[in-house]
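Trainee: Please find one structure pasted underneath; my questions will follow.
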Amino acid sequence: MLSFVLRRLGQSGVLVLIMSILVFVGMYVVSDPVAVLASDDFTEEDRIALASELGVDRPLMVQYFSFLSNMVRGDFGTSFVYNKPVLPLIVERLPATLEVAFLAIGIGLCVGVPLGIYSGLNRKRKSTKTISFLTTVGYSIPNFWQALLLILVFAVWLKVLPASGRGDTTMLFGIELSFFNVDGLRHMLLPAINLAIYKICMQTRLARSGTQEVMFQDYMTFARAKGIPRPRLIRRHLLRNIMIPIVTITGLELGGLIAFSTVTETVFSWPGIGKLLLDSIHHADRPVVVAYLILIVMMFVVINFVVDVLYALLDPRIRYT
Amino acid sequence: MKKTLTTLAAAAALMVGGGAQAEVLRMAYSSAPRSVDPYPFGGATTAGYKEHIYEALVGHDDQPLLSTGWTWNSPTSLTVHLREGVSFHNGEPFTARDVVYSACRMMFKIDDKRNLLTSSMGPLTDVVAEGDHAVRFETKNPYPLWIQKMKFLSILSASGGDVPDGPITYDATGDCGITAYPTRDDFENGDAAIGTGPFKHVSFAKEFAVMERNDDYWGEASKWEGVEISSVSNSGARFAGLLAGDYDLIENPTNEDITALDGDDDFDFSGKPAWRTMFVVLDVNAEGAPGVTAADGSAPLANAKVRHAMSLAINRDAITDRLFGGNATPANQYAPSYRAGAPEMPALEYDADKAKALLAEAGYPDGFTLQFNAPSDRYPNGTRVAQALAQYWSRIGITVELNTQPWSVFAKARRAREMGAFFYGWGHPQGPAQMISFAFATRDKDLGLGSSNYSNYSSEAFDAAIKAWAVETDAAKADEHVGNAMRAAMADMPGIPVYYTHSLWAHRADLTVDGRQDERTSAFMVSYK
């Protein structure tokens, strides 16, 4: 297990390094922070001075290595746009994103898995066909359009949920949370549903195909023959066996939700990190974009690691040496 | 008796609208204010937010605000007379010392980074308090533009704990003997967000700002008890938020939104011609321009006839009517024709045949190839206008290759002068000559002219007029110079003015919006019908 962890750490280090080079060089080539920040009434002298204060007048290699040596010391630099250290900027927006991501994943699992098992067990029923049709639709709707549709239906026509923003929050351990607050929850619901629809469809399909496969296994036939009651059969024998792909996908999807729910956050004006990323790309705020993506790489590494450990817990045959 | 009155008032309120009218105005901006600290950032959004809290010596309408007037001692020395009886949100009286302090703070580099508004300070060399109610500004060169620039110098209270007692002496580093300036956090948590404005800071976090009325405001207090500003960058979501009742007013609705409001009883929209000219910048360099090629290897854009032909080819009325539904004004010069001080100019002609003939006369009967660049995410309808322009030019035989790209990429190419022809919008908060002085003057470091001359234009007549304007402290004479400069530039056409944008707001139908021309959105312009 220890060597497995060490190997993983080594790989992650290389990954982070490659990522930092790609993003840093990409942002350098594409945009010029001085051109974005300086208004039209800047004189050329002001622009040159600004470039030197931001440190963007130095050669690319020098800029990159100074960034790298700072990063090793835990300093991700200062945002060009907000003039604030990058790390707190990202961290203070993280809870908002995490909350919605977990809620969306939760909805996805709680709705998707039962639906999938139901469809897998009752393949011939009309309701199964309807579920299958709906998941195809849910898969294919562009996230962006779906978000606007949700706003139109629930906020504009029915007027039951707010269209955007975060609403009231509750402070818990110094973190602002919407979960424990009725207004906050109401604001959270639409973005979470928007993210969850795709997840529901995916979990339904995964659970259904898993169920169909497992139900015809010999051990299931045997268990049935032995007279194990159906609820126990589903819980003990079916669910456990279909969980491995579901856990893998959930882990990766959680990462995806945290890292790239930019569209949903933008449409709902949800003050999370996805919106920050998009705004920062717009403003050529390189330190934020680079730090953000590096943190995301690190997060994926951790999630994958957790997923691997969960495998071992779910399937005793898997051992890491 | 008092109780009876209250009851009556409550009953009346109930009868009027089925409930009391909300007294907090909820507005949705299209982008986020960047800071509570008034100096680090400019831009209409940040400026619109902060003018609720802070005021400057000169107001948005070029009229005295925290001042009562000014006198020129000499072309390089201006005395501004301060308004008396004004106090800050913390109760401290407003005096000349606060102005000096604010000027110091503007110049001071926090973490070795300049405030982006520092460029507004121009050639300022000294700020001196003359008693409690007058301040003298000294500049290196004659700098009449300072009257306009004073709008950017938001006045902060010099009463913080780190400001030593007694007079403050200005110096260009902003050090001024002040031990420590408030930090960004001090502003965001409200400790340092102390101005003289009609609203007080309550909170500002992650793009959501809350303010409450300043009941001791020196002018007429606002009718709104409070203001909430959200920022919703996605236009569809912003509009949906209005319809859902999350906001009372949103800025920058799209044309489609406005069409959708047609016949709606609950919501309405208001517009106001704004101080922004949308124009095409042409690189008139005689040695050729990037992305512009002619069969004979010559530089077509260097020929004024070609530039006039390109202007003649554009049907400006069609653009403003069809693409903007009338919510834009055809341009006839570089500054908005309705900007105070802009000269009278004739409308620009549309005649495709004449354009073709002129192009042939210039030596390009078969046209030439032009790469035309436009930012895709910067201006409302910008991409569609760029497409329309490309089509108009194609009709007179120019082969146009349209290249639209995100603003951050576009801005880099512009600064690197990689574009021979591009679409651009220039605001005019500092008067009608501001843009042409930067965009078309031959570079002059001392007078700060020509720093954004991407046209590579240079004309003696124009330079003479703009230089005369740059040092003229007499307003009437300055306007005359602006007229001369404008006419000289329009005759040569180093850029093609297309239209002036309008600011638009969509809002609840029971509100009226008395919009402003400076593209800002503020609670002062909104009231109940």
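The values are calculated or read from the model by the stated rules, or taken from the named source; none is laboratory data. All of these numbers come straight from a predicted model, not from anything done at the bench. With ideal geometry, Cβ positions are generated from the backbone for all residues, glycine too; neighbour counts draw on all protein chains shown. Note: accessible area is taken over every heavy atom of the protein model, side chains too, but ligands, DNA and RNA are not part of it. Shrake-Rupley method; radii C 1.70, N 1.55, O 1.52, S 1.80 Å.
Trainee: Roughly how big is the range A:234-313's charge dipole about its Cα centre, with Cβ charges of +1 (Lys, Arg) and -1 (Asp, Glu), in debye to the nearest 20?
Mentor: 400
Trainee: Continuing with this model, one more query. Based on Cβ point charges of +1 for Lys and Arg and -1 for Asp and Glu, what charge dipole magnitude is obtained for the protein assembly as shown about its Cα centre, in debye rounded to the nearest 20?
Mentor: Its charge dipole is roughly 5140 debye.
Trainee: Can you pull the accessible area of A:Cys110 for me, 1.4 Å probe, Å² to the nearest 10?
Mentor: Number for this one is 100 Å².
Trainee: Another question, if that's okay. Going by amide H atoms built from the backbone, whose H comes under 5 Å of the H on B:Ser87, apart from near neighbours?
Mentor: B:Phe94, B:Trp218
Trainee: Here's another thing I want to ask about it. Work from the charge dipole of chain B (Cβ charges, +1 for Lys and Arg, -1 for Asp and Glu, about the Cα centre) and give the residue of B:Ala347, B:Gly363, B:Gly271 farthest towards its positive end.
Mentor: Farthest along the dipole direction, towards plus: B:Gly363.
Trainee: Which of the residues in the range B:175-216 lose at least 50 Å² of accessible area when you go from the chain alone to all protein chains together (probe 1.4 Å)?
Mentor: For the range B:175-216, once contacts with the other chains are taken into account, B:Arg184, B:Lys206, B:Glu207 lose 50 Å² or more.
Trainee: Just how large is the dipole of the range A:86-319 about the Cα centre, in debye to the nearest 20, putting +1 at every Lys and Arg Cβ and -1 at every Asp and Glu Cβ?
Mentor: Dipole magnitude for the range A:86-319 comes out near 1560 debye.
Trainee: Determine the per residue accessible area of the protein assembly as shown with all protein chains present and a 1.4 angstrom probe, expressed in square angstrom.
Mentor: Result: 43 Å² per residue.
Trainee: Please give the Cα centre distance for the range B:81-96 versus the range B:31-66, rounded to the nearest Å.
Mentor: Here the two parts' Cα centres lie 18 Å apart.
Trainee: According to the square roots a ≥ b ≥ c of the eigenvalues of the Cα gyration tensor, what is the shape class of chain B, taking rounded for a/c under 1.5, prolate for a/b larger than b/c otherwise, and oblate for the remainder?
Mentor: Oblate is the answer for chain B, as a/c is 1.5 or above yet b/c matches or exceeds a/b.
Trainee: I would also like to ask the following. Between chains A and B, what is the buried accessible area summed over both chains (1.4 Å probe, protein heavy atoms, nearest 100 Å²)?
Mentor: Counting both chains, the buried surface is close to 4100 Å².
Trainee: Counting only protein heavy atoms and using a 1.4 Å probe, what share of the accessible area of the range A:86-319 belongs to carbon plus sulfur, as a whole percent?
Mentor: Ligands and nucleic acids excluded, carbon and sulfur give 70 percent.
Trainee: How large is the accessible surface of A:Thr78 in square angstrom, using a 1.4 angstrom probe and rounding to the nearest 10?
Mentor: About 50 Å², ignoring ligands and nucleic acids.
Trainee: Using a 1.4 Å probe on the protein heavy atoms, what percent of the accessible area of chain B belongs to carbon and sulfur?
Mentor: C and S atoms contribute 49 percent here.
Trainee: Hey, if you put +1 on the Cβ of every Lys and Arg and -1 on every Asp and Glu Cβ in the range A:86-319, which of A:Val289, A:Cys110, A:Leu189 ends up farthest toward the positive end of that dipole?
Mentor: A:Cys110
Trainee: If you keep only loop residues by DSSP, which trypsin sites (Lys or Arg not before Pro) in the range A:45-143 have at most 10 other Cβ atoms within 10 Å of their Cβ?
Mentor: Passing sites in the range A:45-143 are A:Arg73, A:Lys124.
Trainee: Threshold 30 Å², probe 1.4 Å: give the residues of the range A:276-295, in number order, that are less accessible with all protein chains present than with their chain alone.
Mentor: A:His282
Trainee: Same structure, new question: Quick one: Cα centre-to-centre distance for the range B:140-209 and the range B:307-374, in angstrom?
Mentor: 44
Trainee: Next up: What number, rounded to the nearest 500 deg cm²/dmol, is the helix-based mean residue ellipticity at 222 nm of the protein assembly as shown, given -39500 (n - 2.57) per DSSP H run of at least four residues and division by all its residues?
Mentor: Rounded to the nearest 500, the figure is -13500 deg cm²/dmol.
Trainee: I want to check the label-to-label distance for A:Gln11 and B:Met525. Put each point 7 Å from Cα in the C-beta direction and report it in nm to one decimal.
Mentor: Modelled inter-label distance: 5.7 nm.
Trainee: To continue, here is another question. So what does log10 I(q)/I(0) come out to for the protein assembly as shown at q = 0.07, 0.08, 0.11 Å⁻¹, using the Debye formula with one equal point on every Cα and no solvent?
Mentor: -0.65, -0.83, -1.39
Trainee: Taking Cβ-Cβ under 4.7 Å as the only way to count a partner, pick out the unpartnered cysteines of the protein assembly as shown.
Mentor: A:Cys110, A:Cys201
Trainee: Below 8 Å, C-alpha to C-alpha, sequence gap of six or more: please give me the relative contact order for chain A in percent.
Mentor: 27
Trainee: For A:Phe179 paired with A:Ile141, estimate the spin-label separation in nm (one decimal), with each label point 7 Å from Cα along the Cα-to-Cβ line.
Mentor: 2.7
Trainee: Using amide H atoms built 1.01 Å from N in the peptide plane, name the residues 5+ places from B:Val202, or on other chains, whose amide H lies under 5 Å from its own.
Mentor: Hits under the 5 Å cutoff: B:Val210, B:Met211, B:Glu212.
Trainee: For chain A, set up a Gaussian network in which alpha carbons nearer than 10 Å are linked by springs, and say which option among A:Ala225, A:Ala284, A:Ala49 fluctuates the most.
Mentor: Sorting by GNM fluctuation, first place goes to A:Ala225.
Trainee: Here is a further query. According to the square roots a ≥ b ≥ c of the eigenvalues of the Cα gyration tensor, what is the shape class of the range B:471-529, taking rounded for a/c under 1.5, prolate for a/b larger than b/c otherwise, and oblate for the remainder?
Mentor: It is oblate, given that a/c is not under 1.5 and a/b is not larger than b/c.
Trainee: Of B:Tyr528, B:Tyr457, A:Leu278, whose Cα points farthest to the positive end of the dipole of the protein assembly as shown (charges on the beta-carbon: +1 Lys, Arg; -1 Asp, Glu; origin at the Cα centre)?
Mentor: A:Leu278
Trainee: Determine the shielding of peptide B:428-438 by partner chains: average, over its residues, the number of Cβ atoms on other chains within 10 angstrom of each Cβ.
Mentor: Shielding by partners across B:428-438 averages 1.
Trainee: Residue separation times 0.36 nm, minus the C-alpha to C-alpha distance between A:Val25 and A:Ile318: what's the value? Intermediate results must be reported in sequence, preceding the final value.
Mentor: Numbers: separation 293, 0.36 × 293 = 105.48 nm, distance 4.04 nm.
Computed gain between A:Val25 and A:Ile318 is 101.4 nm.
Trainee: Another question, if that's okay. What list of ³J(HN,Hα) values in whole Hz, one per residue of the range B:504-513 in order, does the Karplus curve 6.51 cos²θ - 1.76 cosθ + 1.60 (θ = phi - 60°) give from phi, with Gly and Pro shown as x?
Mentor: After applying 6.51 cos²θ - 1.76 cosθ + 1.60, I find 10, 9, 10, 7, 4, 5, 8, 10, 10, 10 Hz.
Trainee: Then there is this: Find the relative contact order for chain B and round it to a whole percent, using C-alpha pairs within less than 8 Å whose residues are 6+ positions apart.
Mentor: Reported relative contact order: 18 percent.
Trainee: Could you rank B:Glu207, B:Glu480 by how accessible they are, 1.4 Å probe, largest area first?
Mentor: Of B:Glu207, B:Glu480, the descending order of accessible area is B:Glu480, B:Glu207.
Trainee: While we're on this one: Amide H to amide H, which residues 5 or more places from B:Tyr54 or on other chains are under 5 Å from it, using H placed in the peptide plane?
Mentor: B:Gly197
Trainee: HN-Hα J couplings of the range A:114-126 from phi, Karplus 6.51/-1.76/1.60, θ = phi - 60°, integer Hz, Gly and Pro as x?
Mentor: My calculation for the range A:114-126 gives x, 4, x, 5, 4, 5, x, 7, 10, 5, 8, 5, 4 Hz in order.
Trainee: Relative contact order for the range A:241-299: what percent, with Cα pairs under 8 Å and sequence separation of 6 or more? If you can, show how the numbers build up before the last one.
Mentor: Working: 29 pairs, mean separation 12.9, N = 59.
About 22 percent, as a whole number.
Trainee: Each residue of the range A:54-67 in order: what ³J(HN,Hα) in whole Hz does its phi give by Karplus 6.51 cos²θ - 1.76 cosθ + 1.60, θ = phi - 60°, with x for Gly and Pro?
Mentor: In residue order, the calculated couplings are 7, x, 9, 8, 7, x, 3, 4, 4, 4, 5, 5, 5, 4 Hz.
Trainee: Report D for the range B:347-436 in µm² per second (integer): Stokes-Einstein, Kirkwood Rh on Cα pairs, 20 °C, 1.002 mPa s.
Mentor: On the way: Rh = 14.7 Å.
For the chosen part, D equals 145 µm²/s.
Trainee: Just the accessible area for B:Val471, please: 1.4 Å probe, Å², rounded to the nearest 10?
Mentor: Its accessible surface works out to 50 Å², give or take rounding.
Trainee: Then there's this: Answer rounded, prolate or oblate for the range A:86-319, using the Cα gyration tensor with square roots of eigenvalues a ≥ b ≥ c: rounded when a/c is under 1.5, else prolate when a/b is larger than b/c, else oblate.
Mentor: Prolate shape, in that a/c is at least 1.5 and a/b is the bigger ratio.
Trainee: Taking chymotrypsin sites (Phe, Trp or Tyr not before Pro) as candidate sites, keep only those in a DSSP loop with at most 13 other Cβ atoms within 10 Å, then name the longest stretch of chain A containing none of them.
Mentor: Longest gap between qualifying sites, sites excluded: A:1-172.
Trainee: Sorted by accessible area (1.4 Å probe), largest first, how do B:Thr139, B:Thr254 line up? Intermediate results must be reported in sequence, preceding the final value.
Mentor: Details: B:Thr139 15, B:Thr254 40 Å².
Correct descending sequence by accessible area is B:Thr254, B:Thr139.
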